[in-house]
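Read through the structure below, which is laid out as structure tokens, and then see the notes.
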Amino acid sequence: MTVGILGAGQLGRMLALAGYPLARDFLFLDGGPGTPGHQVAPSLFGGFTDAKLLDELASRCEVVTFDWENVPAEALERLAARTRIAPPRAALATAQDRFAEKALFAKLGIPTNRTQAVDSLADLQRAVKTLRLPGVLKTRRLGYDGKGQFVLRQPADIDLAWQTLGNAPLLYEQWVPFDYEVSMIGVRSLGGQIAMYPLNRNLHRDGILRLTRAPWKAPQLEAAARRHMRRVLTHFNYVGVLAIEFFVTRGRLLANEMAPRVHNSGHWTIEGAVTSQFENHVRGILGLPLGDTTARGHSAMINLIGRMPDQAALLKEKSLHLHDYGKSPRAGRKLGHCTIVETTAARALQRATTLIRRIDSGKL
Ligand code: AMP
């Protein structure tokens with residue numbers, strides 16, 4: 001039985017690696033050879049809108065899933081007419097549009113920061129007047145890792161923000177002076193079984209996730225995040241893994257965005273939980289029973305961005321698990337990650353902090 005994956009990045013690769021022990025095969029569709037996914041499974045090469053390739057993928061796979069949520073709507077429609085896709089199209093469509101995402105949170109009673117759609121300079125001026133400064137102008141589509149964002153601090157920034165981003169549909173949202181960020185990762189199976197991981201605490205640098213610590217023990221926040229997750233999963237009759245990112249401000253959660261796929265802040269679950277998010281995504285979309293999401297110890301996951309540290313030096317570290325995605329280095333690119341599993345949260349943090357310092361100073 002073959003699982004199709006649109007997009008052969010590191011997420012797709014980790015899905016395939018998690019699915020092999022369950023005797024499944026994988027087939028990617030992506031632009032060309034040399035992708036992290038293609039290094040571990042066969043691929044069809046071409047664009048996501050290539051009808052012939054989509055039809056071949058559909059005919060060879062019992063289910064098609066995604067490593068990337070921004071798959072064009074026509075590709076999703078074509079696939080869905082020919083095979084089963086998971087997560088559902090409606091969830092992907094919502095997550096492709098930041099404004100639709102915020103509107104969904106509001107509709108489901110999930111607290112989020114106030115937002116207005118912006119299609120003209122006049123819209124932006126109105127939005128700034130209503131929601132005030134500071135705020136963030138973001139592209140509604142195709143933004144990730146802080147790309148397509150402009151922070152406005154003073155009225156003089158309005159024109160520059162519009163000139164920088166003004167040729168795409170946008171939204172303006174209130175700046176959140178958050179204390180820290182967390183994420184919740186949940187999974188719903190084809191049969192409707194739901195499971196959730198412990199809460200993650202996330203640290204971003206330059207808009208890119210740098211460090212995740214889990215389990216983050218904040219019982220009230222975790223209970224609220226679980227309620228919000230359940231609402232979204234149920235709303236979509238969702239199938240597979242879903243991540244929701246939140247700001248924590250004055251002891252409350254504000255939903256920032258959701259990702260209808262396995263998520264970077266869940267990479268620690270490979271070694272730090274009984275069943276990883278990747279295996280549970282595969283189980284969920286195949287209609288198999290979900291695995292135990294309990295944490296084993298305390299994990300810290302560090303993203304390796306722009307430059308790969310010396311592999312041998314990293315591997316000397318005790319209880320460190322290295323994942324090298326086999327990508328060529330480029331500034332701001334996620335090349336790999338490593339996870340430290342420790343007996344206490346304090347020890348995991350201390351080791352992660354030391355490691356990040358050594359990586360940043362070029363000593364590793
Ligand atoms: P995003 O792509 O929306 O997840 O943004 C990337 C990161 O930028 C977030 O994880 C935050 O650290 C920061 N950020 C985005 N939107 C806001 C906001 N409205 N207020 C404060 N920080 C933000």
Out of all the residues in region 44-58, is one or more touching a strand residue (DSSP E or B) at 6+ places or on another chain (Cβ under 7 Å), within 30 Å of R250 (Cβ to Cβ) and part of a loop (DSSP other than H, G, I, E, B)?
-> no
Among the residues of region 169-203, write down those that are out of contact with any strand residue (DSSP E or B) (no Cβ under 6 Å at 6 or more places or on another chain) and within 16 Å of the ligand (Cβ to nearest atom).
-> P169, P177
Any chance region 153-173 includes a residue that's among the aliphatic types (A, V, I, L, M), over 30 Å from A331 (Cα atoms) and either crowded, with 19+ Cβ neighbours inside 10 Å or in contact with a Phe, Trp or Tyr (Cβ under 9 Å, 6 or more places away or on another chain) (or both)?
-> no
When region 151-166 is examined, which residues are found to be of a type in the set (A, V, I, L, M, F, W, C) and more than 11 Å from the ligand (Cβ to nearest atom)?
-> A156, I158, L160, A161, W162, L165
Can you run down the residue pairs with Cβ atoms below 9 Å, 6 or more apart or on separate chains, where the first is in region 141-154 and assigned by TED's automatic domain parsing to the domain that holds K129 and the partner is more than 6 Å from the ligand (Cβ to nearest atom) and aromatic (F, W, Y)?
-> F150/W162; L152/Y172
Quick one: R351 ticks every box in (1) surrounded by 13 or more Cβ atoms within 10 Å (Cβ to Cβ); (2) farther than 14 Å from H298 by Cβ bar one, so which box is it?
-> (2)
Would you pick out the residues in region 298-307 that are surrounded by fewer than 19 Cβ atoms within 10 Å (Cβ to Cβ) and either over 19 Å from the mean Cα position of the chain (by Cα) or within 11 Å of V187 (Cβ to Cβ) (or both)?
-> R307
Among (1) of a type in the set (G, A, S); (2) surrounded by 16 or more Cβ atoms within 10 Å (Cβ to Cβ); (3) in the same structural domain as P33 (by TED's automatic domain parsing), where does A95 come up short?
-> (3)
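The values are calculated or read from the model by the stated rules, or taken from the named source; none is laboratory data. As the structure is a computational prediction, the values presented were derived from the model and not from experiment. In this analysis, Cβ positions are derived from the backbone assuming ideal geometry, glycine residues included, and neighbour counts consider all displayed protein chains.
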